[in-house]
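Please treat every number below as a calculation from the coordinates, not as lab data. These numbers come from a predicted model, not from an experiment. Cβ: placed from backbone, ideal geometry, glycine included. Neighbour counts: every protein chain shown.
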Amino acid sequence: MKGIKKRMREASRKMHGHIGRAAAPYVEKAKERLRINERVEHANQWAEAHPKRFFGYVIGISVVIFGMSLLWGFLPSDNDFGSKQPVISSTEGIGKVINGMREIQRNNERINATIMSARSQGDRLRYELDSLNSLPEKSREDSIAIVRKGKQLQAIINLFENHDKD
């Protein structure tokens, strides 16, 4: 039984694989044209030759980026100055997403409940079939019950097999 998350993850991986294979020749051409491999090798050699300077550059750039992000967060947005554009509440969009996630969760719970119900019914039918098959002498009603319960059990098995294929 594969869950929807696993199926979505597999589909996403497949799609990324297809895109990667389709883009590979173009990426290789761009690498050759821009001499990316040579430049990376040259940069690595420089970084190995000047470790303190390289560390200083990395830390300096990180501090600048962090400072710019802090400043960006404190700057007033355009909507704060009374612009006449309609303001769309970000909570409306988030609310729709959360409602969608709740609906997915409810559907998953229904699917899990159905699966658990089918499993318990299948276990019960298997136990009853074993009991009927172990009888030394079977009546006509017992034989009819064996056939009927066998068909029900087969339907449940088919349900699980079809669910696994999805």
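Once you charge only the Cβ atoms, +1 for Lys and Arg and -1 for Asp and Glu, what is the size of the charge dipole of the chain about its Cα centre, to the nearest 20 debye? Let's see the in-between values first.
Details: 29 positive and 20 negative charges, 64 e Å.
Using only the charged Cβ atoms, the result is roughly 300 debye.
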* Which number comes out as Rg/Rh for region 89-166 once both Rg and the Kirkwood Rh are worked out on C-alpha atoms? -> 1.33
* To do: Grab region 89-166 and count how many Lys pairs have their alpha-carbon atoms under 27 Å apart, sequence gap of 8 or more, or different chains.
  => 4
* Structure fact -> Averaged over all viewing directions, the convex hull of the alpha carbons in the chain casts a projected area in nm² of 21.7 nm²
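Go ahead and run the numbers for FRET between ARG53 and LYS5, Cβ-Cβ distance against an R0 of 45 Å, rounding to 0.05. Intermediate values should be presented prior to the final figure.
Values: r = 46 Å, r/R0 = 1.02.
E(calc), rounded to 0.05, equals 0.45.
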* Asked: If we count other beta carbons within 10 Å of each Cβ, what is the order of ARG53, ARG33, ARG119, fewest first?
  -> ARG33, ARG53, ARG119
* By the gyration tensor of its Cα atoms, with a ≥ b ≥ c the square roots of the eigenvalues, what is the shape of region 12-76: rounded for a/c under 1.5, prolate for a/b over b/c, or oblate? -> oblate
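If you place +1 on the Cβ of every Lys and Arg and -1 on the Cβ of every Asp and Glu, how big does the dipole about the Cα centre of region 1-63 come out, in debye to the nearest 20? List each step's numbers first, then the result.
Details: 15 positive and 6 negative charges, 126 e Å.
Roughly 600 debye, rounded to the nearest 20.
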* Approximate spin-label separation VAL64-ASN162, in nm, with each point projected 7 Å along Cα-to-Cβ -> 6.2 nm
